[in-house]
1. Need the full-extension length gain, I370 to I328, defined as separation in residues times 0.36 nm minus the C-alpha distance. One decimal, nm.
2. Please work out the FRET efficiency for the pair T258 and N487, using the Cβ-Cβ distance as r and a Förster radius of 30 Å; give the result to the nearest 0.05.
3. Could you pull out every residue, at least 5 positions away or on a different chain, whose amide H is within less than 5 Å of the one on V178? Hs are placed 1.01 Å off N in the peptide plane, and Pro or chain starts have none.
4. Find how much the distance from D429 to Y387 grows on full extension, using 0.36 nm per residue of separation minus their present alpha carbon separation; answer in nm with one decimal.
5. Once the Cβ-Cβ distance between E399 and K286 is put in as r, and R0 is 51 Å, what FRET efficiency do you end up with, to the nearest 0.05?
6. Assuming 0.36 nm per residue, please report the length gained on full extension of the stretch K532 to S183 beyond their Cα-Cα distance.
7. Short version: ³J(HN,Hα) in whole Hz for each residue of segment 232-245, in order, from phi by Karplus 6.51 cos²θ - 1.76 cosθ + 1.60 (θ = phi - 60°), x for Gly and Pro, what are they?
8. Summing +1 for each Lys or Arg and -1 for each Asp or Glu, what net charge is found among the other residues whose Cβ lies under 14 Å from the Cβ of I463?
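Values quoted throughout were computed directly from the atomic coordinates according to the rules given, and no laboratory measurement underlies them. Fair warning: this is a prediction, and the values are worked out from it, not measured in the lab. Every residue, glycine as well, gets a Cβ built from its backbone with ideal geometry; the counts of neighbours run over all protein chains shown.
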Amino acid sequence: MSEETPVYTETVQMLKSFRQRILSDLVSARVNARIDASHDTMQKYSQLLDRISIVPYIFGRIREHALALRIKGYDIGTGEMRKITAQYTGGLANYPLKPPLSVPSRNLPQVDVFRFTPPTLATISEKTSEELWGNYFILQTNRGSHKETPDVQNVFFDYYKLRPVGRAYLELTLSDQVAGFESYTSLKGEATVLARSVTPQTDSVVHDYVFYVFLDGDFFGSSGKIESVPCVFIVTSETATNPKLTVMAGGKRIFTDTVGVYAGWVTNGQFVGWTKIAGGYTEDIKDVTWTSMSKLTIDVNDPVMGTTDPAPDVYDYKALEEVTVTAIPNAGYAVQYWELDGVTYPASDTFTVKMYSDHVLKCIFGETFIVYLRPSSIDSYVNVVAYPSGTELYDCVNEEYADGDASYIYDNRPFWVDYCNMYFRFPLDVIPSGYKPDYVELYAIVRNLNPLATVTVRLGVKIDGTDYYGEYPLTAGDYKSLSHRFNINPATGVGWTRDEINNLIAGLHISGMWSGLAYLTDQVRITQFYVKVPYSPET
């Protein structure tokens, strides 16, 4: 219908009222069941059940209803709404269907099937814990500074609720005590582990912020227990290595860039503030007593292009676990990038997810092409010569198939020098416009002839005069293939560009060669060098 008639609107209102009575009956029956039960496991949740209220909401259409749970005034239904479904026959019926008629009979759309699945007590308990902790401990960042969607934001700041991911009995030895608390040498008790992962806009690195919260933490000294503190908050060593943020703890702000053990003080039932006790700690005992559960949904953009290990599906993990997912592209395809909860991360063979919350991880495959860059000129060299004599250095190593000792570059050094190097340039415009490099991988086939020495081979690129490389030992023997991969440009910290490939300078630096008279020359031979660059369409 194009617009709602008065009869339709009145029917909707009557149906809402009717549903409210049904829901009230459901809750009453549930609470009565709790009262009637004397089993210990039911009594455990008595206070929790007594605080439950269930409120119906209508989302757009009469057919779709949900329950929002509130306990102690906190909404714990977010993401855990339980849907009520109703199937209508198309006709009308008088409700209630049979006496006693506690309300006047109404002619309403006839319901054929009505289903309601309440959450379990365990789910209610866990969601309650999560909501209470999340309202008390919140990570604060500058607005728009991170890629994840914040839980709350204002004109200046974004706020991310910390989630309780586990609980553990901890015994900590304290260090770097603050003046006045030198006698506080250890802390013991059960702590809740709070965590949240965020990614700065300036890079693609996920940073995990983890904190410990003790309720009634016990401080000890050399003579025994000193005191119990209502709440102890710890900025962990893992968190302190991340970029500096602010955590709002009970309305007070604490910086995250340094390790800290903070005692929370309560006066007349009101939280007063935090006092720093120590600036360091070591974990002597950590026994995990409980972890929350998180779901990981793994997906790919096109199963024809590839899959993952574990395979695309939905998995349950403990929140303190981390999961490594491996991409398995089919022939002709490669990983373009990863998406975690809608945030894009650079291409890599694997992606590791910390299960502090539910995640959706998607591997994006695409068509891939590969170009092999072979040296076309020499950029610089030190202490090397070509064989055969008179051959250009780059011509000794740029063949498509390695020719062994038919042509190579070898070292020729003064007796006081134990190194040599060579860097090459490559053909221009090998990657078409509209495509981007996926990564750069250097390959060299090298031989060490000296049985008395193990040399160090650096495979690297030279960018603006700075060397970036990977080091590999090379013992004596036949030719060996060495390779080193740069998934991103090491100078910029982001993916490679076509212009950077056009200006690429790459080569080898070899050191640790024998300085004895027998091996002043021809100790190391390089018979082939090339660069592999897969590329794919720009997105």
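1. 13.4 nm
2. 0.45
3. Under 5 Å from the amide H of V178 lie the amide H atoms of A278, G279, each far enough along the sequence or on another chain.
4. 12.1 nm
5. 0.35
6. Gain on extension, K532 to S183, equals 119.6 nm.
7. So the J values, rounded to whole Hz, are 10, 10, 10, 7, 6, 4, 4, 5, 5, 7, 8, x, 5, 10.
8. Charge balance in the 14 Å sphere: -3.
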